[in-house]
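Colleague: Take this structure, written in structure tokens, and hold onto it; I'll ask about it next.
The values are calculated or read from the model by the stated rules, or taken from the named source; none is laboratory data. Not measured: the values here are computed from a predicted model. Positions of Cβ are generated from backbone atoms using ideal geometry, with glycine treated the same way; all protein chains shown enter the neighbour counts. Side chains included, ligands, DNA and RNA excluded: accessible areas come from the protein's heavy atoms. Shrake-Rupley method; radii C 1.70, N 1.55, O 1.52, S 1.80 Å.
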2 protein chains.
Amino acid sequence: MSEQSLSLRYGGDAPAGALPENAVLSLLYRHRSVRRYTGEPVDDETVTAIVAAAQSAATSSNHQAWSVVELRDAERVARIAELAGGQEFIRDAAVFLVFVADWARARGLAAAHGEAAEAIDYIESTLVGFVDAALAAQNAVVAAESLGLGTVYVGSVRNAPEAVAELLGLPDAAFPVVGVAIGHPDPHDPAGIKPRLPQRVVRHREHYREADPADIGDYETTVRGYYETQGASRGWIAAAITRVRDIAGLHGRHTIREALARRGLASR
Amino acid sequence: MSEQSLSLRYGGDAPAGALPENAVLSLLYRHRSVRRYTGEPVDDETVTAIVAAAQSAATSSNHQAWSVVELRDAERVARIAELAGGQEFIRDAAVFLVFVADWARARGLAAAHGEAAEAIDYIESTLVGFVDAALAAQNAVVAAESLGLGTVYVGSVRNAPEAVAELLGLPDAAFPVVGVAIGHPDPHDPAGIKPRLPQRVVRHREHYREADPADIGDYETTVRGYYETQGASRGWIAAAITRVRDIAGLHGRHTIREALARRGLASR
């Protein structure tokens, strides 16, 4: 089971050797983004378990500098789908969770004790909030998948972060990091396990090694083959270059530093 | 099993209701930071499985803007322990993984095609790299724990990020995010499951709600009780205020924006 999933994960270029196997590893290897749902609801207790898993993730010095806002109301979910670049599948999810970097609680405690909160203005605080939120979100995704649910991350909640913050009623020093759509996967959804870079490209032993162009070339072939099974013609190298070349690759997110500052995370 | 772990996770203030249960949820709920190891080695295949799990996590638009550097050499591990604020337990870990935000691969591809890489200069790219690295790291931690190993995050690789980057040989546009120490847990390690904030404080339904001071007060009592079992006298509210009040709470990380810029992540 693990072995087969690993072969799909690496598009046939899986690491050699007798790897340990267990049900958790198989679950993690099999992750895929699910954007088609049956419409069956996800009950409150299930989300409670998912959030308990999220809270069980590590958090920097136990500061718990994150929150999650759960959206179920159809109109509000439709609005966030619109703000996130018109991603219609979001409307079909049973629940939409927005993970938030959240220093508002600590700021409130400082204010209640007559103290300032200067350290929140530094980029280190922004980064800790984003990392805390990401660790929590990943545990939420693993928990949801363990229950047979499908998930997909929605980074485009950062396309219009101030409008999203307003919709969610976020206080100063709380900022949307990622959304996670959750629902029962449509059994006819063709989305598969997307191949990743060969492990030797991403894993460095003792010292960072620049990627071997031959490895990148092999991966380009593998990924193109995967996208073809999805009816798309798309290359990985071209996408990487488009992403970094100029600000067009940021889909409007080149202004996010100003948005962070206006929302109380100056990121200096 | 899940129920008992949840009760510890919330220090007795666990969410009510009949929650779904399974072995993965139990594993996630039981997470604890492990800083004492038996000294037994962790073999290469085990790290291969852990990294394959990390690569299976979602990544923004499949850009895979992260890398991991695996440290085993005793002298190098001792050096990173020193750079990370003299955390001696790091020396006792079997493996030390440094998760890295990595736009160097994409920049290299752009350069090879005669293209610029302007978008890397924006804070959105820094954040995507940090979030990608965090999602991967969390899957690595879950994978390691599923194999009976103990882990602890080490955020203080950011105390001296440029020295860490130099030690690891990181290229421009690659920056250390977090370390993860991994080893076989010492069965005599008393570290337990640290209680988190009540779920009602962190989970918001449709709209963000400011925390109820009574909930925070209850949590303060719970956390103090937990630290007492660990032989420490420590409050959560005081720690939060110390963290945000002024730059002393950042342990030197108030200069991290300059370090990011010097390492090719201008974060503008």
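Colleague: Sorted by average packing, counted as other Cβ atoms within 10 angstrom per residue and highest first, what order do B:204-217, B:98-111 take?
Modeller: B:98-111, B:204-217
Colleague: Related question: Over chain A, give the accessible area per residue in Å² for a 1.4 Å probe, as an integer.
Modeller: That works out to 37 Å² per residue.
Colleague: Okay, moving on. I need two numbers for the stretch B:33-190: Rg to one decimal and Dmax as a whole number, Cα atoms only, in Å.
Modeller: 15.9, 57
Colleague: Follow-up question, since we're still on this one. Going by alpha carbons, how many degrees (0 to 90, nearest 10) lie between the helix axis of A:74-83 and the longest principal axis of chain A?
Modeller: In chain A, helix A:74-83 runs at an angle near 80 degrees to the longest axis.
Colleague: Given the Cα-Cα distance of residue A:7 and residue A:233 and 0.36 nm per residue of separation, how much length would full extension add, in nm?
Modeller: 79.2 nm
Colleague: Continuing with this model, one more query. Using the C-alpha atoms of the stretch B:32-75, what convex hull volume per residue, in cubic angstrom, is computed?
Modeller: It comes to 125 Å³ per residue, whole-number rounded.
Colleague: Rounded to whole Å, give me the distance from the Cα center of the stretch B:21-87 to that of the stretch A:1-43.
Modeller: Spelled out, the Cα-based centre of one part sits 19 Å from the other.
Colleague: Starting from a label point 7 Å past Cα on the Cβ side, list the distances from residue A:261 to the same position in the other copies, nm, shortest first.
Modeller: 1.2
Colleague: Which whole-number percent gives the relative contact order of the stretch B:136-268, counting Cα pairs below 8 Å spaced six or more residues apart?
Modeller: 25
Colleague: Moving on. In square nanometres, what is one fourth of the surface area of the convex hull spanned by the alpha carbons of the protein assembly as shown?
Modeller: That works out to 21.8 nm².
Colleague: Please report the relative contact order for the stretch B:33-190, taking Cα pairs under 8 Å with a sequence separation of at least 6, and give it as a percent rounded to a whole number.
Modeller: Dividing the mean separation by the residue count of the stretch B:33-190 yields 38 percent.
Colleague: Summing +1 for each Lys or Arg and -1 for each Asp or Glu, what net charge is found among the other residues whose Cβ lies under 12 Å from the Cβ of residue A:258?
Modeller: In short, +3.
Colleague: Length gain on complete extension for the stretch residue B:115 to residue B:43, per 0.36 nm per residue less the alpha carbon to alpha carbon distance?
Modeller: Gain in length upon complete extension: 21.8 nm.
Colleague: With a 1.4 Å probe and every protein chain kept in, tell me what percent of the accessible surface of chain A is carbon plus sulfur.
Modeller: So the carbon and sulfur contribution to the accessible surface is 48 percent.
Colleague: On to the next question. Can you give me the relative contact order of chain A as a percent, contacts being Cα pairs under 8 Å and 6 or more apart?
Modeller: 26
Colleague: Tell me the distances, shortest first, between residue A:92 and the same position across the other copies, using label points 7 Å along Cα→Cβ, in nm to one decimal.
Modeller: 5.2
Colleague: On to the next question. Mind checking the angle between helix A:236-245 and chain A's longest principal axis? C-alpha axes, 0 to 90 degrees, to the nearest 10.
Modeller: Result, in degrees: 30.
Colleague: Another question, if that's okay. Label residue A:221 and residue A:207 with points 7 Å out from Cα along Cα→Cβ: what is the distance between them in nm?
Modeller: 3.0
Colleague: Could you compute the net charge surrounding residue A:28? Neighbours are other residues with a C-beta less than 15 Å from the C-beta of residue A:28; K and R count +1, D and E count -1.
Modeller: Net local charge, residue A:28 excluded: +1.
Colleague: Between residue A:200 and residue B:23, with labels modelled 7 Å along Cα→Cβ, what's the label distance in nm to one decimal, could you check?
Modeller: 3.4
Colleague: Treating the point 7 Å from Cα along Cα-beta-carbon as the label, what are the nm separations from residue A:212 to the other copies, to one decimal?
Modeller: Ordered by increasing distance: 6.0 nm.
Colleague: Taking Cα atoms, how many degrees apart are the long axis of helix A:123-146 and the longest axis of chain A, rounded to 10 and kept between 0 and 90?
Modeller: The angle comes out near 50 degrees.
Colleague: List the accessible area buried at the contact between B and A, summed over both sides and calculated with a 1.4 Å probe, in Å² to the nearest 100.
Modeller: 10200
Colleague: For chain A, what is the Kirkwood estimate of the hydrodynamic radius, computed as the reciprocal of the mean inverse distance between distinct Cα atoms, to one decimal in Å?
Modeller: Evaluated over chain A, this radius sits at 20.4 Å.
Colleague: Using only Cα atoms, figure out Rg for the stretch A:104-163 and give it as a multiple of 2.2 N^0.38 Å.
Modeller: 1.52
Colleague: Additional query: How many Å³ per residue does the convex hull of the Cα positions in the stretch B:117-268 occupy?
Modeller: Cα-based convex hull of the stretch B:117-268, divided per residue, equals 176 Å³.
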